[in-house]
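Q: Okay, handing you the structure first.
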Amino acid sequence: MKSPLLSLPGAVPAEGADEGVAAHYGDLFREQRALADGTGFVDLSHRGVVTVSGPDRLSWLHLLLTQHVSELPAGQATEALILSANGHIEHALYLVDDGETVWIHVEPGTQEALIAYLESMKFFYRVEVADRTDAFAVVHLPAGSIAEVPEDAVVRETAYGRDVFLPRERLESFAEQAGPPAGLLAHEALRVEQHRPRLGFETDHRTIPHELGWIGTAVHLQKGCYRGQETVARVQNLGKPPRRLVFLHLDGSEVHLPAHGTELHLADEGSEGRKVGFVTTSVRHHELGPVALALVKRNVPVDARLLADGTAAAQETVVEP
């Protein structure tokens, strides 16, 4: 779905998973600094929007999600996962309940599979699941923003800012008064700095929540049963995850950033040595320079220097080994 905000001056379209919105508006670092200072907004209108309504919505979702939501207060934001029977991450949900409806935004293009799963689990529960992507757009306001939000808009407020669910026909008028636009590259740079994983970027077909630090933020360890809980409990109580998320400081003299999936090797062994992990997201940060998130094998020493396609990388621990 192509955003009308791509008509704003300087807008350069994003590619890949974020196609449909702007990668930047002509000045990546200025846009990053604006977001870090609490000004401007990010167009996330390419993300999927799903609603769950009905009197049983919270108790029903509580049975399916990794998060404790049965008594979720109206207006309180949370995030949750849906796991496979083996505990692998299938969906990441960012949600808030407005007192009558649970509003959820998800990665672009994943809403159809999510809805199919939710519909298959309805049984006798009094719930209605709807795809609202065509009618509603998500806009992100950074922490500290004083931009006004329409009174009837649903807002999901977190420590990182506010996600606003706007009717699509209001997107352009909202942009006119919300401050300077910032593209997805600026948003991603701050996400990487904050060590926040993203489905499809930091995850693959075998990722479990412990590897990414999603325990606590998206996974509640004291709630009732849900699909994949046995794996979560076993790793939490008896073992360690096979991989761990790390933050990388990349050699700033290199022109190109390592792409998603770039293999990581121990610097001592060179680029032909054994693979110890891979880059998940790499960005250029306005203060830190080129940085990245990556998944490495748990037994990789925390002080080991790495190589990403020949680019030197120093680790910073995100998930403890």
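The values are calculated or read from the model by the stated rules, or taken from the named source; none is laboratory data. Please read all numbers here as calculations on a predicted model, not as lab measurements. As a convention, Cβ positions derive from the backbone with ideal geometry for all residues, glycine included, and neighbour counts pool all protein chains shown. Protein only, heavy atoms only, side chains kept; ligands, DNA and RNA dropped before computing areas. Shrake-Rupley method; radii C 1.70, N 1.55, O 1.52, S 1.80 Å.
Q: Could you list, in sequence order, all residues of segment 209-237 that are open to solvent by 40 Å² or more (accessible area, probe 1.4 Å), more than 18 Å from LEU93 (Cβ to Cβ) and either among the charged types (D, E, K, R) or in contact with a Cys (Cβ under 7 Å, 6 or more places away or on another chain) (or both)?
A: GLU230, ARG234
Q: Something else now. Regarding ARG206, is this residue touching a helix residue (DSSP H, G or I) at 6+ places or on another chain (Cβ under 7 Å) and either touching a residue at least 12 places away in the same chain (Cβ under 8 Å) or loosely packed, with under 13 Cβ neighbours inside 10 Å (or both)?
A: On the way: touching a helix residue (DSSP H, G or I) at 6+ places or on another chain (Cβ under 7 Å): no; either touching a residue at least 12 places away in the same chain (Cβ under 8 Å) or loosely packed, with under 13 Cβ neighbours inside 10 Å (or both): yes.
No, not satisfied.
Q: Restricting to segment 222-241, name every residue that is farther than 28 Å from PRO301 by Cβ and in a loop (DSSP other than H, G, I, E, B). Full working, then the answer.
A: Here is the first cut: in segment 222-241, the residues farther than 28 Å from PRO301 by Cβ are 222-230, 233.
Correct list: GLN222, LYS223, GLY224, CYS225, TYR226, ARG227, GLY228.
Q: Part of a helix (DSSP H, G or I), farther than 24 Å from ALA116 by Cα, over 20 Å from the mean Cα position of the chain (by Cα) and not aromatic (Phe, Trp, Tyr): which single residue out of LEU35, LEU5 fits that description?
A: Details: LEU35 fails: over 20 Å from the mean Cα position of the chain (by Cα).
Testing whether each residue is part of a helix (DSSP H, G or I), farther than 24 Å from ALA116 by Cα, over 20 Å from the mean Cα position of the chain (by Cα) and not aromatic (Phe, Trp, Tyr) leaves just LEU5.
Q: Out of all the residues in segment 1-56, which are open to solvent by 60 Å² or more (accessible area, probe 1.4 Å), in contact (Cβ under 8 Å) with a residue 60 or more places away in the chain and of a type in the set (Ser, Thr, Tyr)?
A: Matches in segment 1-56: THR39 only.
Q: Collect the residues in segment 242-268 that are aliphatic (A, V, I, L, M), under 20 Å from the mean Cα position of the chain (by Cα) and closer than 12 Å to LEU306 by Cα, keeping them in residue-number order.
A: Kept after step one, since they are aliphatic (A, V, I, L, M), are these residues of segment 242-268: 245-246, 248, 250, 255, 257, 259, 264, 266-267.
Checking the rest, the ones that are also under 20 Å from the mean Cα position of the chain (by Cα) come to 245-246, 248, 259.
Those that are aliphatic (A, V, I, L, M), under 20 Å from the mean Cα position of the chain (by Cα) and closer than 12 Å to LEU306 by Cα: VAL246, LEU248.
Q: Of these, PHE136, PHE165, PHE201, which one is under 16 Å from the mean Cα position of the chain (by Cα) and aromatic (Phe, Trp, Tyr)?
A: Numbers: PHE136 fails: under 16 Å from the mean Cα position of the chain (by Cα); PHE165 fails: under 16 Å from the mean Cα position of the chain (by Cα).
Among PHE136, PHE165, PHE201, only PHE201 is under 16 Å from the mean Cα position of the chain (by Cα) and aromatic (Phe, Trp, Tyr).
Q: Also: Exactly one condition in (1) open to solvent by 50 Å² or more (accessible area, probe 1.4 Å); (2) over 25 Å from GLY144 (Cβ atoms); (3) over 16 Å from the mean Cα position of the chain (by Cα) is not met by GLU90; state its number.
A: The failed condition is (3).
Q: Considering only residues that are among the basic types (Lys, Arg) and crowded, with 17+ Cβ neighbours inside 10 Å, which ones fall in segment 142-176? Give the steps one after another, and end with the answer.
A: Here is the first cut: in segment 142-176, the ones among the basic types (Lys, Arg) are 156, 162, 168, 170.
Once the filter is applied, which keeps residues that are among the basic types (Lys, Arg) and crowded, with 17+ Cβ neighbours inside 10 Å, segment 142-176 yields ARG156, ARG162, ARG168.
Q: Among the numbered conditions (1) open to solvent by 30 Å² or more (accessible area, probe 1.4 Å); (2) of a type in the set (Lys, Arg); (3) within 19 Å of the chain's Cα centre (by Cα), tell me where ARG191 comes up short.
A: Only one criterion in (1) open to solvent by 30 Å² or more (accessible area, probe 1.4 Å); (2) of a type in the set (Lys, Arg); (3) within 19 Å of the chain's Cα centre (by Cα) is unmet by ARG191, namely (1).
Q: I'd like to verify a number: residues in segment 8-32 that are in a loop (DSSP other than H, G, I, E, B), within 18 Å of THR281 (Cα to Cα) and in contact with a helix residue (DSSP H, G or I) (Cβ under 7 Å, 6 or more places away or on another chain), how many? Give the steps one after another, and end with the answer.
A: Filtering segment 8-32 down to residues in a loop (DSSP other than H, G, I, E, B) leaves 8-11, 14-15, 19-21, 25-27.
Subsequent filtering for residues that are within 18 Å of THR281 (Cα to Cα) retains 14-15, 19.
Now restrict to residues that are in contact with a helix residue (DSSP H, G or I) (Cβ under 7 Å, 6 or more places away or on another chain): 14.
Within segment 8-32, residues that are in a loop (DSSP other than H, G, I, E, B), within 18 Å of THR281 (Cα to Cα) and in contact with a helix residue (DSSP H, G or I) (Cβ under 7 Å, 6 or more places away or on another chain) number 1.
Q: A further question follows. Which residue out of GLY216, GLY224, GLY270 is touching a strand residue (DSSP E or B) at 6+ places or on another chain (Cβ under 8 Å), at pLDDT below 95 and farther than 28 Å from GLU15 by Cα?
A: On the way: GLY216 fails: touching a strand residue (DSSP E or B) at 6+ places or on another chain (Cβ under 8 Å); GLY224 fails: touching a strand residue (DSSP E or B) at 6+ places or on another chain (Cβ under 8 Å).
Only one candidate qualifies: GLY270.
Q: Now, a different point. Is it the case, given these coordinates, that ILE115 is in contact with a Pro (Cβ under 8 Å, 6 or more places away or on another chain), touching a residue at least 40 places away in the same chain (Cβ under 8 Å), closer than 29 Å to VAL235 by Cα and open to solvent by less than 60 Å² (accessible area, probe 1.4 Å)?
A: Working: in contact with a Pro (Cβ under 8 Å, 6 or more places away or on another chain): no; touching a residue at least 40 places away in the same chain (Cβ under 8 Å): yes; closer than 29 Å to VAL235 by Cα: yes; open to solvent by less than 60 Å² (accessible area, probe 1.4 Å): yes.
For ILE115, the condition - in contact with a Pro (Cβ under 8 Å, 6 or more places away or on another chain), touching a residue at least 40 places away in the same chain (Cβ under 8 Å), closer than 29 Å to VAL235 by Cα and open to solvent by less than 60 Å² (accessible area, probe 1.4 Å) - is not met.
Q: Just name the residue that is surrounded by the fewest Cβ atoms within 10 Å (Cβ to Cβ) out of those in segment 299-317 that are assigned to a loop (DSSP other than H, G, I, E, B) and touching a residue at least 12 places away in the same chain (Cβ under 8 Å). Break it down into steps so the answer makes sense when it comes.
A: So in segment 299-317, the residues assigned to a loop (DSSP other than H, G, I, E, B) come out as 299-305, 309-310.
Add one more test, that the residue is touching a residue at least 12 places away in the same chain (Cβ under 8 Å), and what stays is 299-300, 302-305, 309-310.
Details: ASN299: 11, VAL300: 18, VAL302: 12, ASP303: 8, ALA304: 16, ARG305: 12, ASP309: 15, GLY310: 12.
My answer is ASP303.
Q: Would you say GLU211 is at pLDDT 95 or above, in a loop (DSSP other than H, G, I, E, B), in contact with a strand residue (DSSP E or B) (Cβ under 6 Å, 6 or more places away or on another chain) and of a type in the set (Asp, Glu)?
A: Working: at pLDDT 95 or above: yes; in a loop (DSSP other than H, G, I, E, B): no; in contact with a strand residue (DSSP E or B) (Cβ under 6 Å, 6 or more places away or on another chain): yes; of a type in the set (Asp, Glu): yes.
It is false that GLU211 is at pLDDT 95 or above, in a loop (DSSP other than H, G, I, E, B), in contact with a strand residue (DSSP E or B) (Cβ under 6 Å, 6 or more places away or on another chain) and of a type in the set (Asp, Glu).
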